Amino acid sequence: MELSKFKALNDVDSVNAYISALEAFDGIAELQELKDLARTRGGVAAGKSILDVGCGFGLETRRLAEAAGAQGSACGLDKSADFIKEAQRRAEAGGQSIDYQTGDAAALPYGDGSFDCARAERILIYLTDFRAALCEMRRVLKPSGKIALIEPDFSTNTINISDRTLARRVLDHEIETAVENSFLPGPLVLALKDLGFANIEISSRALIFPQDLAASYFSSLAVNALKSSKITTSENEAWQTELDDLKARNAIFATISYFLFTADAP
Ligand SMILES: C[S@@+](CC[C@H](N)C(=O)[O-])C[C@H]1O[C@@H](n2cnc3c(N)ncnc32)[C@H](O)[C@@H]1O
């Protein structure tokens with residue numbers, strides 16, 4: 001799995017692997033805690049108009065629609081036509097009315113002041129200009145509307161591979177190649193302040209990877225580092241052997257920290 005593919009998922013042969021990975025990730029208890037907090041602090045409630053930017057195939061959008069109820073509304077926008085198609089299929093199967101659109105976070109197809117709440121999760125890290133997307137979210141929010149952002153900091157990735165120098169090189173390669181903004185949470189505070197957002201609140205959770213997800217993700221990191229000649233074939237073999245052994249013993253320890261930012265639009 002290459003996270004960088006999330007920049008343009010329309011180019012991948014099959015989105016199914018990415019759907020499975022996102023579903024597995026969505027099941028992580030600590031992420032669910034942050035999502036719950038995002039809904040509470042992000043003003044999600046019955047009767048509200050809510051936008052999910054970079055909604056993927058609508059895992060969270062459907063929960064937002066549920067919370068908004070018949071008097072409210074939920075919209076989801078994503079760059080991937082495949083994800084939007086899957087989101088529409090799921091909403092229809094669940095009897096939900098959700099307005100999904102394919103589009104770019106930097107040019108939202110909604111009028112000024114359209115929404116009470118706007119949220120984005122794990123999308124700003126992929127954008128070359130995340131401030132442009134924040135500007136757009138500010139524009140489509142009503143005055144004092146609520147923004148909620150959930151993003152990771154890739155420098156917090158950990159894995160209990162015993163060769164720490166090798167681990168550092170593999171994780172550094174991921175930091176350099178996986179996303180556009182590996183250390184996004186730091187700059188995000190200033191960006192929100194510069195854009196006039198008020199009452200900024202920040203929370204964090206260290207997400208504990210489930211064994212299967214950890215095994216497949218951290219295996220791919222070493223393969224990617226090998227492809228870029230950052231590690232040798234024998235180092236990759238040692239990595240994969242140790243990871244397999246840890247997995248067989250249900251003993252992979254892998255974490256990453258996620259951050260929730262909520263704030264009020266000017
Ligand atoms: C890691 S996924 C997260 C999806 C969803 N927010 C979730 O948490 O399940 C990143 C999403 O950002 C979308 N994306 C990437 N660049 C985008 C852009 N410029 N505008 C809108 N969506 C974008 C991808 O298509 C993908 O669905």
Task: One residue from Ser234, Ser155, Ser220 being at negative phi and open to solvent by 60 Å² or more (accessible area, probe 1.4 Å) - done: Ser234
Open item on the list: Pull out all pairs, ordered by first then second residue, where Cβ-Cβ is under 7 Å, the residues are six or more apart or on different chains, the first lies in segment 94-108 and is farther than 15 Å from Gly69 by Cβ, and the second is in a loop (DSSP other than H, G, I, E, B) and acidic (Asp, Glu).
Closed with: Ala106/Asp129
TODO: Scan segment 92-113 residue by residue and report those that are polar (S, T, N, Q) and away from the ligand (no atom under 16 Å from the Cβ).
DONE: Gln96, Ser97
- [ ] Being farther than 19 Å from Phe218 by Cβ and either in a loop (DSSP other than H, G, I, E, B) or of a type in the set (S, T, N, Q) (or both) is the filter here, so list the residues in segment 171-186 that pass it.
- [x] Glu180, Asn181, Phe183, Leu184
Task: Pick from segment 98-131, criterion assigned to a loop (DSSP other than H, G, I, E, B) and polar (S, T, N, Q), ranking: least open to solvent (accessible area, probe 1.4 Å) - done: Ser114
- [ ] Scan segment 72-96 for residues that are among the hydroxyl-bearing types (Ser, Thr, Tyr) and either assigned to a strand (DSSP E or B) or modelled with pLDDT of 95 or more (or both) and jot them down.
- [x] Ser73
Task: Selection count, segment 39-52, where residues are part of a loop (DSSP other than H, G, I, E, B) and within 13 Å of the ligand (Cβ to nearest atom) - done: 0
Task: Selection within segment 187-209 - open to solvent by 50 Å² or more (accessible area, probe 1.4 Å) and outside any strand (DSSP E or B) - done: Pro187, Leu190, Lys193, Asp194
Open item on the list: Just to be sure I understand, how many residues within segment 161-177 are in contact with a strand residue (DSSP E or B) (Cβ under 7 Å, 6 or more places away or on another chain) and farther than 22 Å from Phe261 by Cα?
Closed with: 3
- [ ] Could you tell me which of the residues Glu66, Glu92, Glu33, Glu86 is among the acidic types (Asp, Glu) and over 23 Å from Ala21 (Cα atoms)?
- [x] Glu66
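Yes/no matrix, rows are residues, columns are (1) over 21 Å from the mean Cα position of the chain (by Cα); (2) more than 13 Å from the ligand (Cβ to nearest atom); (3) without any contact (Cβ under 8 Å) to a residue 24 or more places away in the chain:
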{"residue": "Ile28", "(1), (2), (3)": "no, no, no"}
{"residue": "Gln32", "(1), (2), (3)": "no, no, yes"}
{"residue": "Asp36", "(1), (2), (3)": "no, yes, yes"}
{"residue": "Gly54", "(1), (2), (3)": "no, no, no"}
{"residue": "Phe57", "(1), (2), (3)": "no, no, no"}
{"residue": "Thr61", "(1), (2), (3)": "no, no, no"}
{"residue": "Leu64", "(1), (2), (3)": "no, no, no"}
{"residue": "Ala74", "(1), (2), (3)": "no, yes, no"}
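The values are calculated or read from the model by the stated rules, or taken from the named source; none is laboratory data. Quick caveat, the model's predicted, so the values are computed rather than measured. Please note: Cβ atoms are built from the backbone with ideal geometry, for glycine as well, and neighbour counts cover all protein chains shown. Ligands, DNA and RNA are excluded from the accessible area calculation, which covers all protein heavy atoms including side chains. Shrake-Rupley method; radii C 1.70, N 1.55, O 1.52, S 1.80 Å.
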